[in-house]
Each structure stands twice: as structure tokens, then as C-alpha cells.
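One structure is given here, and the rest of the page talks about it.
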Amino acid sequence: MYRYDEFDARLVGERVAQFRGQVERRLSGELSEEQFKPLRLMNGLYLQLHAYMLRVAVPYGTLSSLQMRKLAHVARKYDKGYGHFTTRQNIQYNWPALVDVPDILDDLADVEMHAIQTSGNCIRNVTSDQFAGAAADEVEDPRIWCEVIRQWSTFHPEFTFLPRKFKIAVTASQNDRAAIRLHDIGLRIHKNDAGETGFEVIVGGGLGRTPYIGHTIREFLPKKHLLSYLEAVLRVYNLEGRRDNLYKARIKILVNAGGVEKFTDLVEAEWAAIRKSEIDLPGEEIDRIRAYFSPPDFEDLPAESAALEQKRTSDGAFARWLRVNTVVHKAPGYAIVNISLKPVGGIPGDISDVQMEAVADLAAQYSQDEIRATHEQNLVLPHVKKDDLYAVWQALTAQELATPNIRLVSDIIACPGLDYCTLANTRSIPIAQRISERFADLEQQEDIGELKIKISGCINACGHHHVGHIGILGVDKKGEEFYQITLGGSGAEDASLGEIVGRGLSSGDAVGAVEKLVDYYRENRQDNERFIDTYRRIGADPFKEALYAAA
Amino acid sequence: MPLLKLFGSNLVPALEEPLQEVSLEDWCDNPQAHADATALVIENDIGVEHIAEDLSSFGIIILKFPTFKDGRAYSQARLLRERFGYTGEIRARGDVLRDQTLFMARCGFDAFEFAGDDTAAASAALGEFSLAYQSAADRMEPVWRQRLDRAVAA
């Protein structure tokens, strides 16, 4: 993985020093909260319902065990002993004291971490495929380009006060694990007919109040031009994006208001004017970054492990975890391990300091020292030998990190909701907890199969409800919490937006509604259809009927 | 509202001379009527390309920040410097705060109608970062070039 050189380290150090000064000005009263707000927001520090919240960047979701141990240390020393992994591969701390934040940032800088651009109307932390560098289906490791973008976008002088926040995701696989069609810019590395690799550039996706699937504005961009092309997109957006209405300020509105052709023409014209300038990195610098992502030295192993097969046969619980939580690795004899942060009745994405340290230990011992955070609020050990899987499973089980529910009904994305968030209308976490309790039976979950439930506590859609196979949106009606169900969304390569199926339900009814929908699917599925496949085949009406038929 | 000018890597208080300002629209309508104008004011929702031909008529161009959050003038300044080769003064007007002056300077601003009082602090803020990852309209060498130079020297 990427390591800082003296330049990267100095920039982060200077940022911490700058913020320490800003915090001192706030604490001394020189700055009012109003004046301090834009400064703290540049450093990922929000003021939530009950306390400050610090969002720490995990660039493209990659962590070393040393970094994970530091995250545990921060949770223990400055917070209440836990952190929360977000849908943008970041981690949030919910209870830091303002006076401690510069020290937290200093501690993080010791392990090459920071909170830069995790909030504010700037280019946010770049996200990627959590299986990058391990996936059997990738063209190349997309993180090389994520790091190129990270550096280019850090303190970009022109793009720090955009109309709105700006999110970029990169993948190098046909199977979209990074939701690239739902980002301001999505980049997909692929091969053209001549065998060269380049980017499909997708612009204008996003959720929120007005969800859109992104448009492809360029099928193939040679990789060396990435930064100049991004700069052209950002400049058009910075100059032309709406600033009169917070809710119409994202690039998706600009793209769709004038039409994608007009937007593309503006970008291409801008790019033609700047592509020869010194924005793009020289090959030497790209090679320098690429070298950090060269594959680890995988051992020459047989594809199958006898030890593993023996345990698979003798231990049913292990066999289930293998089926559900592990994924094919590109190197023979290795597997990708998903770590579920969704125990039955738990808070999606939450992890304690002790659990973080256990994950760090496992990464150091079994996974080439690497850990990934996923946009579905789980973790990954990307490079585990099949021979070691049983030991890893036992260790994860001891920490309650082995719930075999990845992609299943209880692997729920939920925003923090009214338990923490100042924007929320309703709570999200208790709904997620109750659904996972209702579907606690593991055999039943596996029988139901892939089913993505996503819950947002308000229309800002941080819980991605628009792209849930079943989406749940909390709305406030005269002080009472109601939940609206959407069906048929997907954030993957077959991206689609869910459809609202009818009137809102009380929190109690919402959980029962999910059960009715699942029952209806099980009665009507054909062959190996997933929930979403059945929905797409038979349409919304029968599901609506099943949901609202007089009980 | 002190006027600060970029001098090397510092911001220095400057004497405010009376300007004869003209808006870009008025200039485009009738340049002859504004022949004595000394400063061109461009609103941030107008493309700077409209003035490309006449840039040499002005020693000062004023770009606006209605609030510090409205960052359109950063792009306007870069276009004036990098695309249209404007070498006169580019002055920031409006919500011009100490924590943004470095970004402004990097985009080509060299004069600031500073909205605060502590001009020494504003100048110090310019020095809070000694490096930049990306090239812009100023003379900071991007980090990637420094890396290359170092590799060549080694």
C-alpha cells in the first residue's frame, strides 16, 4: 500500500499545525462558532446532536494493521471505546472533545492518516473497490489511480469551494462494488479493443433528494490524461453549477438540467484547452505510485487446501461462514475474507477498540498486513491463505465479527439517523437492529439469498435507500416517525433507483413489511432468482399488493 | 477593509489609490465611453473569455467573492492567468478571509481587499503550507516535480 514520503508527511503535519491554531482561536473566543464552522468542516469535524463528530479519512478504504491499531487507540483514549465505519469507507468518532481534536490528528498523522477533506464542499475522500488488488475479476489495481487523485485533489486551490461536496469512486471490475454510477464522478478502468486500459468516465450520479444514475460522458479516456480530464469536469462544475439552492447544487443537477450532451461538450472543450498543460503526472511519478501497489509476494500454493476441506466437512458453522463471507481471490490458495460489522441486533458499521485490535492482529498475522473498509460498512481481510481460514474464523468468532451475513438480509446499510445526526427526521439504527433480529435465523437468511436493505433517516439519503433492493426512508409526520418503502434499487453494475411503493408505515409496521416482502419473494421466485431479479421480472404491483393487502 | 498586496510570499498593506471602475457588461456595451477606466470588475457568473481581447486595456481586474463559500472566482482567476495570459493585478473583493488567501494566491490573485483586521495573521496564513501537490497559476513547484528533481539529483 502507499506510504508517505517526506512531502506527504510534511503536508499533513502542516495541516495539523494549522488546525491546532484554528482550534486555539476558537477556544480563546477569537473565533465565533459561525466563523469556526467552515474551518472545522475542512477537517472533518461536525457538530452533531450531542457532541462533535470527527470523520477520519481512510483513503480508498485501505488500512494497515498499524493504522487500525491507532484507530483503536483514538477510540479508547479520546472517545467512548468505539468507532463507526461509514458508507464512504471512512471512520467516524461520535464523542471527541474539541480541545482533543488537534491531538487526535497528531496521533493519526503518526500513522499517515488524517481528516482532510472528509467534509466541506470540496473533493472528498476517493473511494474504491474493497477487493482491489485481490479480486479475480479486476483489470488492474484501481488504488494506483485513487492515490493519484488523492494527491491531486488535496488542498486543490481552485476546487475547495465548489457549489457542493464532490465524490469520486474508482473501480477496475465489471462487478461494481464501489457504486460508481452513484457518484459525482465514477471511473471504471477497462480494456478497449486495442487492448489498452483506460477509464470510462461517468458523471452526475448521486442520491439525496433528487437521485440520478450517472451518465457516461467518455467511454475511454487514456489513463495518462486522468487528472487533466478531471480538472476539466471540476472547472465546468465550479463555474456553472448552481449556488442559489443547496439542494440543486450537486453536479447531477447541472448535468441533467442542460442535458448530458451539452455538459459533455463543455467538458471536452475545456479539456482540449488544458490537456497539454502540466496537470497530468509524468510517467515516472505514476510508476513511483504504482510500485507501492505491486502485489504482495503470494506463496505458490495449490488452489485447494486439504486442511480447509477437512474443516469444511466437519464444522457446519465454519462451512456456512465460508460460503457466505469469503470470496474468490486472484492468487491460487488464497481467499478474500469479509468481516461482518452487522451482528444480529447490532449497530451497522460500529466496532469497538478491542475488535479493531483483533482485526489488526489478524491482518498482521494472516493478511499481508492489510485491511479494507467497504462502502457497505464492513471490513475485509484481502489476502488470507485458505490454510489459515479456520484459524481466522475462530478468532473472528471470538470477537463477534464472524456473522455469516454478507450481502444477506441482515447486512444492512443504515445512516446514523436521529440517534446522532442533526439533519435526520427519524431514527435508522433501531429499524436496522429490529430487522436483523427478526431475520436472525442464519439458515433462513441464506435461503433468502442476496438482499440489500438500506435505511436513511431523512431524505438526504446517507443510508442509500434509493439503491436498496428494499429501501427504507424515514419521514417525520407531525412529530411521528414514518417509514416509506422503496423497492427495486441497486447500487451495483445494474444500477437502478427504487420505486416508492405506497404510504408510510410506523416503525413497528416497517419491520413487518420487510417480512411480508421477503415472504412474497420466496413464494414467487424462480430458479436461482435473487429478490431483485424476481422484482424486476414481475414488477412492483404484486409486491405492493402483498404489502398493503388487509392483514 | 485594508488592501493587501502579494509581495514575494508575504501580504503587505498597500496604499489604496482611487480607481475608475467599470463592469464588464458596461465595457462590452460601449468601450469608448469608459476609456478612462482603470479597473475592470467581473461578476462571478460571467465568463472571463468575454474580455479576452481587451485584457491589455486594464492594469487591474477585480473578481468577487460574495461569500467565502462561493468559489467561482478561483476558476476565473486561473483562466485569466493561464489561458488568457493576463499579467496585471487580479484583486479579490468581498468575503476575503485569512484562511482562503493561500488558495487565492495560488490561483493568481495578487491583491486582496481583506475583510479582517489582522493583516499580519493573513500574511502568516500564506506560509502555513510549504508544498502543493498540483500546479496552478503561481510559482509553487508541484510535489511531483520536486520528487522528479530529487530522483534526478540522486
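None of the figures in this text is laboratory data; all of them are computed from the coordinates on show. Only a predicted model underlies this, so the values are computations on that prediction, with no experimental measurement involved. Cβ coordinates were reconstructed from backbone atoms using ideal geometry, including for glycine residues, and neighbour counts include every protein chain displayed.
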Quiz prompt | Every residue from the range A:476-503 that is in contact with a Lys or Arg (Cβ under 7 Å, 6 or more places away or on another chain) and either without any contact (Cβ under 8 Å) to a residue 40 or more places away in the chain or among the β-branched types (V, I, T) (or both) | solution = A:V501
Quiz item: So which residues in the range A:1-30 are over 27 Å from the mean Cα position of the chain (by Cα) and at the interface with chain B (Cβ under 10 Å from one of its Cβ atoms)?
Solution: A:E6, A:F7, A:R10, A:E14, A:A17, A:Q18, A:G21, A:Q22, A:R25, A:E30
Quiz item: Are there any pairs, at least 6 apart or on different chains, whose C-beta atoms fall under 8 Å, with the first in the range A:372-395 and farther than 13 Å from A:H329 by Cβ and the second acidic (D, E), and if so, which?
Solution: A:E376/A:D411; A:N378/A:D411; A:Y390/A:D315; A:A395/A:D361
Self-check item: Test for A:E437: is it part of a loop (DSSP other than H, G, I, E, B), farther than 21 Å from A:T210 by Cα and not aromatic (F, W, Y)
Solution: no
Self-check item: Odd one out for A:L473 among (1) closer than 29 Å to A:G333 by Cβ; (2) touching a strand residue (DSSP E or B) at 6+ places or on another chain (Cβ under 7 Å)
Solution: (1)
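Kindly check whether there is at least one residue in the range B:14-27 that is within 14 Å of chain A (Cβ to nearest Cβ), within 18 Å of B:A111 (Cα to Cα) and not hydrophobic (A, V, I, L, M, F, W, C). Show your work before the answer.
Just the residues of the range B:14-27 that are within 14 Å of chain A (Cβ to nearest Cβ), to begin with: none.
The answer is no; no qualifying residue exists.
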Self-check item: Enumeration of residues in the range B:44-82 that are touching a Leu at 6+ places or on another chain (Cβ under 7 Å) and either facing chain A (nearest Cβ under 9 Å) or of a type in the set (D, E) (or both)
Solution: B:N44, B:F68, B:G71, B:R72, B:S75, B:Q76, B:A77
Quiz prompt | Selection from the range A:344-358 of residues that are farther than 17 Å from A:S410 by Cα and acidic (D, E) | solution = A:D353, A:E357
Exercise. Scan the range B:110-124 for residues that are within 11 Å of chain A (Cβ to nearest Cβ) and surrounded by 20 or more Cβ atoms within 10 Å (Cβ to Cβ) and jot them down.
Key: none
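Given the criteria more than 23 Å from the chain's Cα centre (by Cα) and either aliphatic (A, V, I, L, M) or closer than 24 Å to A:A135 by Cα (or both), does A:L341 qualify? Don't jump to the end; show me each part of the working.
Details: more than 23 Å from the chain's Cα centre (by Cα): no; either aliphatic (A, V, I, L, M) or closer than 24 Å to A:A135 by Cα (or both): yes.
So A:L341 fails the test.
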Quiz item: Got a sec? Which strands (runs of 3 or more DSSP E) wholly within the range B:57-154 have at least 2 residues that are free of Cβ contacts under 8 Å to residues at least 60 places away in the same chain?
Solution: B:60-65, B:89-94
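Wholly within the range A:192-285, which helices (runs of 4 or more DSSP H) include no fewer than the required count, namely at least 3 residues that are over 23 Å from A:N460 (Cβ atoms), within 14 Å of chain B (Cβ to nearest Cβ) and among the aliphatic types (A, V, I, L, M)?
Numbers: elements: A:226-240, A:251-258, A:260-274.
Filter on the range A:192-285 gives A:226-240, A:260-274.
Per-residue answers, yes or no, for (1) in contact (Cβ under 8 Å) with a residue 60 or more places away in the chain; (2) farther than 17 Å from B:Y133 by Cα; (3) of a type outside the set (F, W, Y); (4) part of a helix (DSSP H, G or I):
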{"position": "A:R3", "(1), (2), (3), (4)": "yes, no, yes, no"}
{"position": "A:R10", "(1), (2), (3), (4)": "no, no, yes, yes"}
{"position": "A:E14", "(1), (2), (3), (4)": "no, no, yes, yes"}
{"position": "A:L31", "(1), (2), (3), (4)": "no, yes, yes, no"}
{"position": "A:E34", "(1), (2), (3), (4)": "no, yes, yes, yes"}
{"position": "A:L49", "(1), (2), (3), (4)": "yes, yes, yes, no"}
{"position": "A:L54", "(1), (2), (3), (4)": "yes, yes, yes, no"}
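Do we find a residue being within 13 Å of another protein chain (Cβ to nearest Cβ), farther than 21 Å from A:K342 by Cα and buried (at least 17 other Cβ atoms within 10 Å of the Cβ) anywhere in the range A:43-58?
Within the range A:43-58 (the criterion being within 13 Å of another protein chain (Cβ to nearest Cβ), farther than 21 Å from A:K342 by Cα and buried (at least 17 other Cβ atoms within 10 Å of the Cβ)), the answer is yes, since at least one residue qualifies.
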